[in-house]
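Report on the structure given below.
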Amino acid sequence: MQAAWLLGALVVPQLLGFSHGVWGAQREREGGCASPQEEEREREALMQKHLQEALGLLARRGDENPEGNPGGKGAWATEKDGQGEEGEEEPTTTPYFSPSPSPTSEDTFTYILGRLAGLDAGLHQVHVRLHALDTRVAELSRGLRQLREVAGDTRDALQALKEAQSRSEREHGRLEGCLKGVRLGHKCFLLSRDFEAQAAAQARCVARGGSLAQPADRQQMEVLTRHLRTALAPYNWPVWLGVHDRRAEGLYLFENGQRVSFFAWHRAPSPEPGARPSAAPHPLSPNQPNGGALENCVAQASDDGSWWDHDCERRLYYVCEFPF
């Protein structure tokens, strides 16, 4: 803008003088005279013409060098330098590199859409894999359910087999007891030469289909005594019976819960005729029962068939009875 004002200040007066001289010369050649108004109008038209040409030249130079001349020189000084230094080399101009254009909102929106499309594709892949996993889990669950059903059936079959085996063992024990033992009416007695506590002996007899012997009268007691004496003679061994007073001291019951009505307790030997009776108990064979709360189970002697009370945890032979 300053260069344009400077150019106007320098060029306009020269143009005015130049146009005035040209106009005067032209009027002298033509040899005519004109009125002052016409001369003024012609002078103004010529001035406007030269001013427009000068302004057009300045505009073209400004387009060629839009950043201005180096060193801070104006357009006029550049023109003069160009006219006075025609022999010098033209200065090299620095190449101009335009910066990369900044992303617009459209580019940002396109980038976001591209990322969202990528995320959607990845999410679709995840959904596909999850569906495959769900299908696999469903198949595994179905297989596990089938295995549980098979295991349940196998467990039921095994339980049925155990029950059948138990029934078979009971039936076999009952037949063995009646074949190898002694029979009286609807009962069979069989001695076992295994040492067991009273409760364990009862469990063994039950597993074989019977119970510990429960002699209910003198006849059964005599048959059982003969069986034990024959099996264990000449020795005297105590053998567990199915009689106890664990529930209440002095209340003797069979293993089936019935109350005992027949007893065969051991008694000390009677003194010889003429001898005075002794108040002290016999040191080897005192009267039974004598154990109190410490001895709550009953065993039968194999020699004379008498009953003795013993500690229930003592390990003795036992005799089982089986129904016939």
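Derivation of every value follows stated rules applied to the coordinates shown; laboratory data play no part. Please read all numbers here as calculations on a predicted model, not as lab measurements. Every residue, glycine as well, gets a Cβ built from its backbone with ideal geometry; the counts of neighbours run over all protein chains shown.
For C312, what residues show an amide H to amide H distance below 5 Å, using hydrogens built from the backbone and excluding near sequence neighbours?
Residues meeting the amide H criterion: N296, C297.
What Kirkwood hydrodynamic radius, in Å, does the range 107-181 give when the mean of 1/r is taken over all pairs of distinct Cα atoms and then inverted?
Details: mean 1/r = 0.0547 Å⁻¹.
Across the range 107-181, the inverse of the average 1/r is 18.3 Å.
What are the ³J(HN,Hα) values, in whole Hz, obtained from phi via the Karplus relation 6.51 cos²θ - 1.76 cosθ + 1.60 with θ = phi - 60°, for each residue of the range 195-209 in sequence order, with x given for Gly and Pro?
Once rounded to whole Hz, the list reads 7, 9, 5, 4, 5, 5, 5, 4, 5, 5, 5, 5, 4, 8, x.
Under the rule of at least 5 residues apart or a separate chain, name every residue whose amide H is placed under 5 Å from the amide H of S211.
E321
Tell me, rounded to the nearest percent, the portion of alpha carbon pairs in the range 176-227 spaced more than 16 Å apart.
Values: 529 of 1326 pairs.
Every Cα pair in the range 176-227 considered, those over 16 Å come to 40 percent.
Order the peptides 111-123, 221-233, 165-177 from the highest to the lowest mean number of other Cβ atoms within 10 Å of their residues.
Values: 111-123: 10.1, 221-233: 17.4, 165-177: 14.9.
Ranked from most to least packed, the peptides come out as 221-233, 165-177, 111-123.
Can you give the extra length, in nm with one decimal, that the chain gains between A151 and E39 once fully stretched, where that is 0.36 nm per residue apart less the Cα-Cα distance? List each step's numbers first, then the result.
Working: separation 112, 0.36 × 112 = 40.32 nm, distance 13.01 nm.
This chain segment gains 27.3 nm when fully extended.
In terms of modelled amide H atoms, which long-range or inter-chain residues lie less than 5 Å from the amide H of S306?
Distant-sequence amide H within range of S306: A301.
Once phi is turned into θ = phi - 60°, what whole-Hz ³J(HN,Hα) does the Karplus curve with 6.51, -1.76 and 1.60 give for every residue of the range 296-301, x standing for Gly and Pro?
My calculation for the range 296-301 gives 10, 10, 10, 10, 10, 6 Hz in order.
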